[in-house]
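The values are calculated or read from the model by the stated rules, or taken from the named source; none is laboratory data. Worth saying up front: this structure is predicted, and the values here are computed from it rather than measured. As a convention, Cβ positions derive from the backbone with ideal geometry for all residues, glycine included, and neighbour counts pool all protein chains shown.
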Amino acid sequence: MTGKDSTHPASPIDVPANVQHNAVAPTLADLLREHGATFVAAAWRTLLQREPDLATAAAWAAEMEHGRMDRLDVVIALADSAEGRARAVELEGLAAARRRRAWGRWPVVGPLARRLHALWQLPAVALRVHALEQQMDRAQHATTRLGDAATHADHRFTQLDEGLHAAAGTATAAAAAAASAAAAVAAAQVQQQHAQRELADRFATQLAVHNEAQRAARDAQDSAAKHVRTRIDAITAAMQDAFGVVLPRAELEAFYVRFEDRFRGPRDEIKARATTHLTAVKAAIGRVPSGAGGVLDIGAGRGEWLELLAEHGIPARGIDHSAAMVAACRAAGLHVDEADALAHLAAVPPRSLAAITVFHVVEHLPFTSLVALVQHAHAALAPGGCLVVETPNPENLRVGACYFYLDPTHRHPLPPDVLRFVLEDRGFADVDVQRLHAMPGALRLPGDGTALATALDAILSGPQDYAVTGMRPLASAAGNARNG
């Protein structure tokens, strides 16, 4: 196509076989609202009712851009093409536009007609200009509003930025304060650790000194006791050799009764201490079969425990190797026999007792006799019955190193773990150690509240006695010769 007067496409347009004729189309005015390549594509879809040929459409768009074609040229070219005539699309306003285009070609009438047409279009143009001005006003107003919004947003962003800077400053200050506090805590912990180590070192040093003094005192005491026993034995032997004189058994027993009265304590105090064991004995009586007997007390002594059992309605009897002690108990109406503990226990019918109590006896026995006593007790107890053994507590160093030896018939202290093991090894279950009888306040160490003073008071003024309690299991293993 070479100019505005051309009315045919620049390249041929083939007619598809499936064209439809007389299709209804929008008006020419609707179509002319588009421009450029968009207009070409719209005209193609309107008049030929299909997508445009890309090469032809691109060429026409270029022609229009360079002013060699206008939009009406494109519409007329498409409508007059073979395919356009076949489609026969009725485009409102196209016929009038053809006439104006034809008039415009006449030498005199054409320019006049174009001017008249232009004048005719002035009101519409004025309306369009007015509409454009209104659109521009609205656009200006919208631009002003956008500017105000942008200014407001910028102000808010500035405030937010300032707030973020302030928050960052606060966070930095808080982090610094937290770091300072953490450093202070760490320093305090280091100081505390140093103080603890210093206190532990002081305690270890003083404890070592104390232990060494205790060992020296014990060695001196053992040496003195050995020396005294040797002298007594020598004097006794000399008296026997020279005069045939020895202390009669009755006089020795009477001496021991007076000794117990002097050092054991008042009867009421001993009975009050013994109430601790009532709970275990009553529980055992409730567990054993109904045919089992009551309580056997080995080493009944002055009978305080048997007297307490009687006051609580618990059937009990006792044995003691001292005829003087047995006589005193019987005079008080108590059932006590003179007997050797091991021989008597061996003769008791198996599984016939609910409880056996042994208070301050085992420290007088050789260790092998202690083990045998526990084994015989296990055999004599009914399933569910209990054995209660009380003895001085050597964990209290004053007891273990001094008070224990007030009784010259004591052999050696027994630590709680040793006695616990003997009961467990001989078949007792639920073995429990209970530390008893705190040191009187007048004998406790004066304390200054330090850990060292507290620890020293605990090992020098702790409980004076302890009790080990064990139960014969309710379901004893059959055929266990050790357990009876």
> What are the residue pairs meeting all of these: first residue in region 87-114, first residue within 26 Å of R50 (Cβ to Cβ) and among the hydroxyl-bearing types (S, T, Y), second residue at pLDDT 85 or above and exposed (fewer than 13 other Cβ atoms within 10 Å of the Cβ), Cβ atoms under 9 Å, and 6 or more apart or on different chains?
Replying inline: none
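Within region 412-424, can you find the residues that are charged (D, E, K, R) and either surrounded by 14 or more Cβ atoms within 10 Å (Cβ to Cβ) or part of a loop (DSSP other than H, G, I, E, B) (or both)? Show your work before the answer.
In the first step, residues of region 412-424 are kept if they are charged (D, E, K, R); the result is 417, 420, 424.
Those that are charged (D, E, K, R) and either surrounded by 14 or more Cβ atoms within 10 Å (Cβ to Cβ) or part of a loop (DSSP other than H, G, I, E, B) (or both): R420, E424.
Looking at A323, A346, A372, which is the one that is in contact with a Lys or Arg (Cβ under 9 Å, 6 or more places away or on another chain) and not basic (K, R)? Give the steps one after another, and end with the answer.
Numbers: A346 fails: in contact with a Lys or Arg (Cβ under 9 Å, 6 or more places away or on another chain); A372 fails: in contact with a Lys or Arg (Cβ under 9 Å, 6 or more places away or on another chain).
Criteria check complete, one pass: A323.
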> Can you name the residue in region 34-71 that is part of a helix (DSSP H, G or I) and of a type in the set (K, R) and is also nearest to A88 (Cα to Cα) among such residues?
Replying inline: R45
>> Pull out all pairs, ordered by first then second residue, where Cβ-Cβ is under 9 Å, the residues are six or more apart or on different chains, the first lies in region 54-65 and is in the same structural domain as T38 (by TED's automatic domain parsing) and over 12 Å from A77 (Cβ atoms), and the second is outside any helix (DSSP H, G or I) and among the polar types (S, T, N, Q).
In response: A55/S11
>> Suppose the filter is under 38 Å from the mean Cα position of the chain (by Cα), in contact (Cβ under 8 Å) with a residue 12 or more places away in the chain and loosely packed, with under 14 Cβ neighbours inside 10 Å; does A475 pass it?
In response: no
> Which condition breaks for A274 when tested against (1) within 19 Å of V374 (Cβ to Cβ); (2) assigned to a helix (DSSP H, G or I); (3) touching an Asp or Glu at 6+ places or on another chain (Cβ under 7 Å)?
Replying inline: (1)
> Failed condition for N393, given (1) farther than 20 Å from H360 by Cα; (2) modelled with pLDDT of 90 or more, with all others met?
Replying inline: (1)
>> I need every pair where a residue in region 412-438 that is closer than 18 Å to M471 by Cβ has its Cβ under 7 Å from the Cβ of a residue that is among the aromatic types (F, W, Y), sequence separation at least 6 or different chains.
In response: P416/Y466; V433/Y466; Q434/Y466
> Restricting region 322-338 to residues that are part of a loop (DSSP other than H, G, I, E, B) and under 60 Å from the mean Cα position of the chain (by Cα), which is surrounded by the most Cβ atoms within 10 Å (Cβ to Cβ)?
Replying inline: L334
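Can you find a residue in region 106-118 that is of a type in the set (F, W, Y) and modelled with pLDDT under 85?
Of region 106-118, the ones of a type in the set (F, W, Y) are 106.
Filter once more, so that each one left must be modelled with pLDDT under 85: 106.
Among the residues of region 106-118, at least one is of a type in the set (F, W, Y) and modelled with pLDDT under 85, which makes the answer yes.
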> Is at least one residue of region 463-472 modelled with pLDDT under 90, assigned by TED's automatic domain parsing to the domain that holds P394 and out of contact with any Lys or Arg (no Cβ under 8 Å at 6 or more places or on another chain)?
Replying inline: no
>> Consider region 362-411. How many of its residues are surrounded by 17 or more Cβ atoms within 10 Å (Cβ to Cβ), part of a helix (DSSP H, G or I) and either among the aliphatic types (A, V, I, L, M) or not assigned by TED's automatic domain parsing to the domain that holds A458 (or both)?
In response: 11
